[in-house]
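Structure first, commentary second.
The values are calculated or read from the model by the stated rules, or taken from the named source; none is laboratory data. Keep in mind that what you see is a predicted model, and the values were worked out from it rather than measured. Reconstructed Cβ throughout: ideal geometry from the backbone, glycine too, with neighbour counts over all protein chains shown.
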Amino acid sequence: MKEILAEMITRAAFKAHEQGVLPSDAIPQPGLEEPKQEAHGDFSTNIAMVMAKVQKMAPRKIAEAIVDNLEDPENFLVKTEIAGPGFINFYLRPSLWQRVVKGILDKGDEYGRSQIGAGQKVQVEFVSANPTGPLHVGHGRGAAVGDALAALLDMCGFEVEREYYINDSGRQIRTLGLSCWLRYCELKGKEVDFPQDCYQGDYIKDLAKRIQDENLADLDSMQEEDAVLWCARFAANDILDGIKKDLKDFRVVHDVWFSEQSLYDDNSVQNALEHFEKTGDIYEKDGAKWFKTEDRGDEKDRVVVRNNGLTTYFASDIAYHKNKFDRGFDRVIDVWGADHHGYIARMKAAVDAVGRNKDAFEVVLVKLVNLLRDGEPLAMTTRGGTFETLADVVNEVGADAARFIFLSRHYESPLDFDLELAKKQTNENPVWYVQYVHARICSIESKAKDFPVSLDFDWDRDEEILKEIEEIRLMKALARYPEIVEGAARTLEPHRIVFYLRELASAFHSFYHDHMVLKEDQTPVLTKARLDLVTTVRQVIRNGLALLGVSAPESM
RNA sequence: GCGCCCGUAGCUCAGCUGGAUAGAGCAACGGACUUCUAAUCCGUAGGCCGCAGGUUCGAAUCCUGCCGGGCGUACCA
């Protein structure tokens, strides 16, 4: 509908130019928007104001010239007016909105799909928590955001892959092994001084106990270093299994689990380092090797090999991101916690050095989550305690509520997550508000069997059937969905879907309150039309919730 | 110190590429169920868009400075 209008406006402007009314032929692409106020029509354009400078004319004069030259052979418009400083407002024939119903009925689950991605390959890497402890709520938000982004991009015609990067190498894995080993020693009754920088959580004790109880290894006869390594492997694998289970329960699925260690095993890290030493991007200073990131936009150069010979995380990250692009991705999106903020510039520099466009690598920084109960903050220590893990939260409030709330704000905004609120089955809880629409409509549909419904009804007939204001508003909201999806994908902002769904839900509830779908003294045609209308609402609610990874229940 | 993000209604937050009288949810107040799920709806109230300049037909939006808050700034991960 917008395209048609834009076309009409452009044609009118050129016609006005040919007639000499508009001096310049520089006609910009008309921007059309839905005015905030219904009194300003269905669509409006500010093109006259935009052109004012070039045309050297008053905006309202330009608007007049355009309106005078509008051709509307199919009678789309019932009224056109010039308002304010030079807006042109368009009032559409109401029956035009009915076309959206047919469109959604035809497209079903595919309504909202677009091809703006044009088949470009995108990788979304998210969660990627170190396998040194269970996922906490912060990871949950990252998981919800990453998963929704992937779904959005997929819906917009990108070829998407979801990846989890496992930091299964390096010092912290050894620390994990040491922690586990020491707890094991404690169980054996040895006096142990448990260091501060070891992992304190009770889950480590549980692991040690399992090693003992299930007799998984003969640690006692091993050299201490071997025992620590064995513990490290065992603990990391077990914790990773736990992470996988937590994600599964949260309905998050990754396509690829990528091991950091594999980059060492196949010499990728080594090769990358050697390569950049040759190109001069890596140099030696103070016994360490530095990557020249400052020349590429970072604040300073960064160490990749420490003077003790050990590589830093940055070294493997360079190899990792090179690997990503080598796999043919046009865009690489990393979802990180906000505490990794300072890492972006150096990673972009590395991507630049690899010879890729810095803009092909994007980082979505997800701010932290404040867990509350009845408005009171809960302590978020790494030590075992009350509700801090993702699993606990999902257990308590359910995956639907958790995901919806995680996505209910811009990812860059800190998020308060109130456990009690998330569980409430009242209007304070936004999840239910949206899901309720779906359930209500399912209920109507199942009751519809007992009603006389016109069967030879045809949406192609251009007669006006749905003419109530609540119906028109609903259809307008439905029509907006595809561009909401596109906008959310373009800006990588899934929260837009949440806001949209609340609007659509609100429009539906208003309609529902004022008008009956199934009513005895109503024409079968109107019944059928309304039935189709609510079915399309259900469809769009379903499609939107699917993007968020939230279920659409048939009854509540 | 430097860099990034943020400051919008009592609270939590939207606000697209600058557009008309700045929006929503919650909380508050007042109404609406003999009807397809009241987990709902309708109405009222609530604002110096942190402050001060600048850009222009027009600024919550763009630029500069200041104030206030968060984060980052490792031969850590």
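Do the conditions hold for residue A:140, that is, is it modelled with pLDDT of 90 or more and either part of a helix (DSSP H, G or I) or within 14 Å of residue A:333 (Cβ to Cβ) (or both)?
When the stated conditions are applied, residue A:140 passes them.
Please find, within segment A:409-444, the residue that is nearest to RNA strand B (Cβ to nearest atom) out of those that are among the polar types (S, T, N, Q) and modelled with pLDDT of 90 or more.
A:443
Condition first: over 43 Å from the mean Cα position of the chain (by Cα), at pLDDT below 90 and not hydrophobic (A, V, I, L, M, F, W, C). Now tell me which residues in segment A:192-220 satisfy that.
Once the filter is applied, which keeps residues that are over 43 Å from the mean Cα position of the chain (by Cα), at pLDDT below 90 and not hydrophobic (A, V, I, L, M, F, W, C), segment A:192-220 yields A:193, A:215, A:218, A:220.
Can you spot a residue in segment A:381-393 that is part of a strand (DSSP E or B), at pLDDT below 85 and farther than 25 Å from residue A:153 by Cβ?
Checking segment A:381-393: not a single residue is part of a strand (DSSP E or B), at pLDDT below 85 and farther than 25 Å from residue A:153 by Cβ.
Would you check which residues across segment A:506-533 are within 28 Å of the chain's Cα centre (by Cα), surrounded by fewer than 22 Cβ atoms within 10 Å (Cβ to Cβ) and not hydroxyl-bearing (Ser, Thr, Tyr) and list them?
If the condition is that a residue be within 28 Å of the chain's Cα centre (by Cα), surrounded by fewer than 22 Cβ atoms within 10 Å (Cβ to Cβ) and not hydroxyl-bearing (Ser, Thr, Tyr), then A:507, A:509 are the ones that fit.
If residue A:227 meets every condition in (1) surrounded by fewer than 16 Cβ atoms within 10 Å (Cβ to Cβ); (2) not assigned by TED's automatic domain parsing to the domain that holds residue A:324 apart from one, which number is that one?
For residue A:227, the failing item is (1).
Among the residues of segment A:167-217 satisfying the criterion of being closer than 30 Å to residue A:324 by Cα and either of a type in the set (D, E, K, R) or in contact with a helix residue (DSSP H, G or I) (Cβ under 6 Å, 6 or more places away or on another chain) (or both), which is farthest from RNA strand B (Cβ to nearest atom)?
A:177
Here is a yes/no grid of residues against (1) of a type in the set (Lys, Arg); (2) closer than 28 Å to residue A:424 by Cα; (3) in contact with a Phe, Trp or Tyr (Cβ under 7 Å, 6 or more places away or on another chain):
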| position | (1), (2), (3) |
| --- | --- |
| A:454 | no, no, no |
| A:480 | yes, no, no |
| A:492 | no, no, no |
| A:511 | no, yes, no |
| A:519 | yes, no, no |
| A:531 | no, no, no |
| A:547 | no, yes, no |
| A:551 | no, yes, no |
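Can you give me the number of residues within segment A:483-502 that are near RNA strand B (Cβ under 7 Å from one of its atoms), part of a helix (DSSP H, G or I) and among the charged types (D, E, K, R)?
2
Which ones in segment A:460-482 are closer than 17 Å to residue A:527 by Cβ, in a helix (DSSP H, G or I) and without any contact (Cβ under 8 Å) to a residue 60 or more places away in the chain?
Across segment A:460-482, the qualifying residue is only A:470.
Mind counting the residues in segment A:285-336 that are of a type in the set (Phe, Trp, Tyr) and more than 23 Å from residue A:261 (Cβ to Cβ)?
Selection size over segment A:285-336: 1.
When residues of segment A:512-556 are filtered for being in a loop (DSSP other than H, G, I, E, B) and more than 12 Å from RNA strand B (Cβ to nearest atom), how many remain?
4
How many residues does segment A:325-346 hold that are over 22 Å from the mean Cα position of the chain (by Cα) and within 14 Å of RNA strand B (Cβ to nearest atom)?
3
Evaluate segment A:359-375: report whether one residue or more is of a type outside the set (Phe, Trp, Tyr) and part of a helix (DSSP H, G or I).
Among the residues of segment A:359-375, at least one is of a type outside the set (Phe, Trp, Tyr) and part of a helix (DSSP H, G or I), which makes the answer yes.
Take segment A:322-343 and flag every residue that is of a type outside the set (Lys, Arg), assigned to a helix (DSSP H, G or I) and within 27 Å of residue A:118 (Cα to Cα).
A:323, A:325, A:326
Out of the residues in segment A:283-308 meeting the condition of being surrounded by fewer than 19 Cβ atoms within 10 Å (Cβ to Cβ) and more than 9 Å from RNA strand B (Cβ to nearest atom), tell me which one is modelled with the lowest pLDDT.
Here the answer is A:297.
To keep it simple, each residue is scored yes or no on (1) free of Cβ contacts under 8 Å to residues at least 60 places away in the same chain; (2) within 30 Å of residue A:395 (Cβ to Cβ); (3) out of contact with any helix residue (DSSP H, G or I) (no Cβ under 7 Å at 6 or more places or on another chain); (4) not acidic (Asp, Glu).
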| position | (1), (2), (3), (4) |
| --- | --- |
| A:82 | yes, no, no, yes |
| A:94 | no, no, no, yes |
| A:102 | no, no, yes, yes |
| A:105 | no, no, no, yes |
| A:110 | yes, no, yes, no |
| A:119 | yes, no, yes, yes |
| A:137 | no, yes, no, yes |
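Can you tell me which residue in segment A:1-39 is farthest from the chain's Cα centre (by Cα), limited to those that are crowded, with 18+ Cβ neighbours inside 10 Å and within 16 Å of RNA strand B (Cβ to nearest atom)?
This residue is A:13.
Condition first: within 11 Å of RNA strand B (Cβ to nearest atom), loosely packed, with under 13 Cβ neighbours inside 10 Å and part of a helix (DSSP H, G or I). Can you find one or more residues in segment A:398-408 that meet it?
Checked segment A:398-408: no residue is within 11 Å of RNA strand B (Cβ to nearest atom), loosely packed, with under 13 Cβ neighbours inside 10 Å and part of a helix (DSSP H, G or I).
Quick check on segment A:47-66. Is at least one of its residues near RNA strand B (Cβ under 8 Å from one of its atoms), of a type in the set (D, E, K, R) and not in a loop (DSSP other than H, G, I, E, B)?
Yes, segment A:47-66 has at least one match.
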